[in-house]
Amino acid sequence: MPHSILKTQALGKRVNSPEGELVLLERVDMCVAAGETVAVIGASGSGKSTLLGLLAGLDEPSEGEVYIAGQALFELDEDGRAALRAAKLGFVFQSFQLLDNLTALENVMLPLELAGRKDAEEYAKEVLARVELGHRLLHYPKQLSGGEQQRVAIARAFAPNPALMLADEPTGNLDSATGERIIELLFQLNSEQQTTLVLVTHDRELAQRCQRRLELHQGQLRELS
């Protein structure tokens with residue numbers, strides 16, 4: 001049985017609102033084995049993005065814990081969580097989250113340089129070539145189409161060879177044909193690098209491509225058959 005790369009224990013998130021306390025997540029328990037592909041589905045407002053933010057340590061829970069490769073995330077301070085993200089996690093966002101003042105090549109080089117790789121430029125070029133953007137290295141995000149920006153984002157996410165990949169509605173801002181190509185690329189790279197993938201989506205057809213499917217409803221998580 002593969003070891004657990006991601007685990008949550010009684011994870012909860014509550015916020016105050018004018019109407020009183022709002023429960024976003026309630027005692028969420030999940031366990032993802034190394035190498036698995038897992039989809040988390042749910043309607044808009046069901047807590048999917050909140051869950052992903054907690055899994056990444058970008059937000060703090062009201063209660064409970066997240067474990068990444070056995071490390072309790074919220075026992076670490078902010079710098080410790082950032083270091084763990086840099087070492088273990090990759091992200092693909094719906095809104096791409098590229099740095100506008102950096103070229104495609106520089107965006108992909110950035111996490112490699114932060115990791116101390118001496119061959120950051122050469123390797124970033126290789127990864128961009130794999131996502132068919134070897135001819136767009138020196139273009140800035142505003143000079144790229146949405147599909148090209150998402151391919152740069154995927155290259156940036158996979159370049160450090162993370163153990164765990166988190167993807168938040170990665171095709172949400174793309175047309176269906178471009179989105180299908182992006183998903184093919186995401187699963188292809190995930191398989192080649194044997195990364196664990198947790199994919200948040202409202203698209204049930206896309207979710208079917210993952211080995212397991214979990215559904216968030218009113219802040220609670222359940223396994224789907």
Taking the stretch 177-207 and keeping residues touching a residue at least 40 places away in the same chain (Cβ under 8 Å) and open to solvent by 90 Å² or more (accessible area, probe 1.4 Å) leaves GLN194, HIS202, ARG204
The condition from (1) of a type in the set (A, V, I, L, M, F, W, C); (2) open to solvent by 10 Å² or more (accessible area, probe 1.4 Å); (3) assigned to a helix (DSSP H, G or I); (4) at pLDDT 90 or above that LEU138 misses is numbered (3)
If you take the residues of the stretch 88-108 that are assigned to a helix (DSSP H, G or I) and free of Cβ contacts under 8 Å to residues at least 40 places away in the same chain, which of them is least open to solvent (accessible area, probe 1.4 Å)?
LEU105
Across the stretch 47-66, what is the number of residues that are part of a strand (DSSP E or B), of a type outside the set (Asp, Glu) and farther than 23 Å from ALA157 by Cβ?
1
Exactly one condition in (1) without any contact (Cβ under 8 Å) to a residue 60 or more places away in the chain; (2) in a helix (DSSP H, G or I); (3) open to solvent by less than 10 Å² (accessible area, probe 1.4 Å) is not met by ALA129; state its number.
(3)
Answer yes or no as to whether LEU174 is in a loop (DSSP other than H, G, I, E, B), open to solvent by 70 Å² or more (accessible area, probe 1.4 Å), in contact with a helix residue (DSSP H, G or I) (Cβ under 7 Å, 6 or more places away or on another chain) and among the hydrophobic types (A, V, I, L, M, F, W, C).
no
How about the stretch 22-46: which of its residues are open to solvent by 30 Å² or more (accessible area, probe 1.4 Å), in contact (Cβ under 8 Å) with a residue 40 or more places away in the chain and not in a strand (DSSP E or B)?
ALA34, GLY35, GLU36, ALA43, SER44
Unique residue being under 21 Å from MET165 (Cβ atoms), assigned to a strand (DSSP E or B), at pLDDT 90 or above and open to solvent by 20 Å² or more (accessible area, probe 1.4 Å) when the list is LYS7, LYS13:
LYS7
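The values are calculated or read from the model by the stated rules, or taken from the named source; none is laboratory data. The model shown is predicted, which means the values in this text are computed figures rather than measured ones. Every residue, glycine as well, gets a Cβ built from its backbone with ideal geometry; the counts of neighbours run over all protein chains shown. The area values use the complete protein model at the heavy-atom level, side chains included, leaving out ligands, DNA and RNA. Shrake-Rupley method; radii C 1.70, N 1.55, O 1.52, S 1.80 Å.
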